[in-house]
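Everything on this sheet refers to the single structure shown next.
What follows draws every value from the coordinates through simple rules; no lab data is involved. Since this is a predicted model, take the numbers as computed values, not measurements.
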Amino acid sequence: MVGVDGSPNSRAALRFAITEARLRGAELQAVCAWRYPNNYGDPVMLPREQVDPKAVARRTLDEAIAAVDDEQYAVTPVTAQGSPAPALLAAAVGADLLVIGSRGRGGFLGLLLGSVSHQCVSHSPCPTVVVPLPDENAERDRTA
């Protein structure tokens, strides 16, 4: 399984996971966590895209899979309610491999609470691969 949040790093992880699943003839689930925003006001006041965070997560998965999967590998999109790390760890139970990007959409708050990749590596019920964002210069140098 692979964690996807729409970030460039999660797309790199998705690419890696598709390649790995294809080599192994394995099933692949792409998981995007979602949760209701912490809002004490009227939900009508939320931006439209935040009214249904599950739909936003599904759209994020669909867009990432379409952008990365040129050969149409059978990737099963899964939305999981909760914070990213706990949702990915729960979804990884029974998986052969958990693939995540080295950085996601978290900002300064994510640094204070600990990164998702660090939590997944520390607590995963299965082997975990953390995929860094490819260095554009290194890719260019390899093809030159």
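Can you list the HN-Hα couplings for segment 91-102, worked out from phi with the Karplus curve (6.51, -1.76, 1.60; θ = phi - 60°), rounded to whole Hz and with x for Gly and Pro?
Residue by residue, segment 91-102 yields 5, 7, 4, x, 7, 7, 7, 10, 10, 9, x, 6 Hz.
Each residue of segment 24-32 in turn: what ³J(HN,Hα) in whole Hz from Karplus with 6.51, -1.76, 1.60 and θ = phi - 60°, glycine and Pro shown as x?
9, x, 9, 6, 10, 10, 9, 10, 10
Karplus couplings for segment 76-85 from phi (6.51 cos²θ - 1.76 cosθ + 1.60, θ = phi - 60°), rounded to Hz, Gly and Pro as x?
Per residue, the Karplus-derived 3J(HN,Hα) values read 8, x, 10, 9, 10, 6, x, 5, x, 4 Hz.
What full-extension length gain, to one decimal in nm, is calculated for residue 123 and residue 22 as 0.36 nm per residue of separation minus the Cα-Cα distance?
That works out to 33.7 nm of additional length.
Residue 34's amide H: which non-local residues (gap 5+, or another chain) put their own amide H closer than 5 Å, with H modeled 1.01 Å from N in plane and none for Pro or chain starts?
80, 81, 82
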